[in-house]
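The values are calculated or read from the model by the stated rules, or taken from the named source; none is laboratory data. All values derive from a computational prediction rather than experimental measurement. Here the Cβ positions follow ideal geometry from the backbone for every residue, glycine too, while neighbour counts run over all protein chains shown. Only protein heavy atoms, including side chains, enter the accessible area calculation; ligands, DNA and RNA are left aside. Shrake-Rupley method; radii C 1.70, N 1.55, O 1.52, S 1.80 Å.
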Amino acid sequence: MPLLRFDLVEGRDEQQLKKLLDTAHQAMVDAFQVPQRDRYQIVHQHSPSELIIEDTGLGFTRTKNLVIISVVSKKRTTSQKETLYSLLAERLNTECGVSPEDLMISITENGEADWSFGLGEAQFLTGRL
């Protein structure tokens, strides 16, 4: 059920994008214990001039491999969030060549009434989910 939006500098090919999305999804499954088919991902690609992502004074060196992941999800524990951050940094580095300095993640939480997966219904409220 988490909805992930990826903001990237344009230039990755289809295979690289698939690997990035697959890797991020598996980290989400492992960290948040969501079902394998609970997958909602949107990719936005930008020219380099359309992403200004600095380091908040942390001394990071950002590159064109920058990946920003915005997550919308029901409430998760601090431990689950920290696990997700760690798994994404480790796996995207190992499997996709994305440096942990090039990864930024933001989570926005909402409630059960804030989701409709189709048919004009709030499936968490109706008991279908």
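Considering only region 49-81, state which residues are farther than 30 Å from S116 by Cβ, of a type in the set (K, R) and in a helix (DSSP H, G or I).
none
Restricting attention to region 68-77, report how many residues are open to solvent by 70 Å² or more (accessible area, probe 1.4 Å) and within 19 Å of C96 (Cα to Cα).
Kept after step one, since they are open to solvent by 70 Å² or more (accessible area, probe 1.4 Å), are these residues of region 68-77: 74-75, 77.
Filter once more, so that each one left must be within 19 Å of C96 (Cα to Cα): none.
Within region 68-77, residues that are open to solvent by 70 Å² or more (accessible area, probe 1.4 Å) and within 19 Å of C96 (Cα to Cα) number 0.
Regarding region 59-67, can at least one residue be identified that is over 24 Å from L8 (Cα atoms), open to solvent by less than 40 Å² (accessible area, probe 1.4 Å), in contact with a helix residue (DSSP H, G or I) (Cβ under 9 Å, 6 or more places away or on another chain) and modelled with pLDDT of 95 or more? Walk me through how you get there before you give the answer.
Quick first cut of region 59-67, residues over 24 Å from L8 (Cα atoms) only: none.
No, region 59-67 has no match at all.
Here is a list: L20, L84, L92, L88. Which entry is in a helix (DSSP H, G or I), modelled with pLDDT of 95 or more and in contact with a Cys (Cβ under 8 Å, 6 or more places away or on another chain)? Quick ask: steps written out before the conclusion?
Details: L84 fails: in contact with a Cys (Cβ under 8 Å, 6 or more places away or on another chain); L92 fails: in contact with a Cys (Cβ under 8 Å, 6 or more places away or on another chain); L88 fails: in contact with a Cys (Cβ under 8 Å, 6 or more places away or on another chain).
From the options L20, L84, L92, L88, the qualifying one is L20.
Here are the criteria: (1) touching a Lys or Arg at 6+ places or on another chain (Cβ under 8 Å); (2) open to solvent by less than 60 Å² (accessible area, probe 1.4 Å); (3) of a type outside the set (S, T, Y); (4) within 14 Å of D102 (Cα to Cα). Tell me which single one P48 does not satisfy.
(2)
Can you list residue pairs whose Cβ atoms sit under 9 Å apart, with the first residue in region 13-41 being more than 20 Å from T94 (Cβ to Cβ) and the second being in a loop (DSSP other than H, G, I, E, B) and open to solvent by 50 Å² or more (accessible area, probe 1.4 Å)? Count only pairs 6 or more apart in sequence or on different chains.
Y40/F117
Restricting the first residue to region 92-108 and requiring it to be touching a residue at least 12 places away in the same chain (Cβ under 8 Å) and hydrophobic (A, V, I, L, M, F, W, C), which pairs with a second residue that is assigned to a loop (DSSP other than H, G, I, E, B) and surrounded by fewer than 16 Cβ atoms within 10 Å (Cβ to Cβ) meet a Cβ separation below 7 Å and a spacing of at least six or different chains?
Pairs that qualify, where the first residue is touching a residue at least 12 places away in the same chain (Cβ under 8 Å) and hydrophobic (A, V, I, L, M, F, W, C) and the partner is assigned to a loop (DSSP other than H, G, I, E, B) and surrounded by fewer than 16 Cβ atoms within 10 Å (Cβ to Cβ), are M104/I53.
Mind checking which residues of region 96-129 are surrounded by 15 or more Cβ atoms within 10 Å (Cβ to Cβ) and of a type outside the set (G, A, S)?
Hits for region 96-129 are C96, V98, E101, D102, L103, M104, I105, I107, W115, Q123, F124.
Restricting the search to region 101-122, which residues are more than 30 Å from E54 (Cα to Cα) and under 19 Å from the mean Cα position of the chain (by Cα)? Quick ask: steps written out before the conclusion?
Start the filter on region 101-122 by keeping residues that are more than 30 Å from E54 (Cα to Cα), which leaves 111-122.
If the condition is that a residue be more than 30 Å from E54 (Cα to Cα) and under 19 Å from the mean Cα position of the chain (by Cα), then G111, D114, W115, F117 are the ones that fit.
Could you list all residues from region 20-39 that are under 13 Å from F6 (Cα atoms) and either surrounded by fewer than 16 Cβ atoms within 10 Å (Cβ to Cβ) or touching a helix residue (DSSP H, G or I) at 6+ places or on another chain (Cβ under 9 Å) (or both)? I'd like the intermediate steps shown before the answer.
Within region 20-39, the first condition is being under 13 Å from F6 (Cα atoms), and the residues that meet it are 20-25.
If the condition is that a residue be under 13 Å from F6 (Cα atoms) and either surrounded by fewer than 16 Cβ atoms within 10 Å (Cβ to Cβ) or touching a helix residue (DSSP H, G or I) at 6+ places or on another chain (Cβ under 9 Å) (or both), then L20, D22, T23, A24 are the ones that fit.
Which one is farthest from D114 (Cα to Cα), of the residues in region 23-46 that are assigned to a strand (DSSP E or B) and among the hydrophobic types (A, V, I, L, M, F, W, C)? Outline the logic, then answer.
Step one: filter region 23-46 for residues assigned to a strand (DSSP E or B), giving 40-46.
Next, from what is left, pick out any that are among the hydrophobic types (A, V, I, L, M, F, W, C): 42-43.
Numbers: I42: 18, V43: 22 Å.
Per the criteria, the residue is V43.
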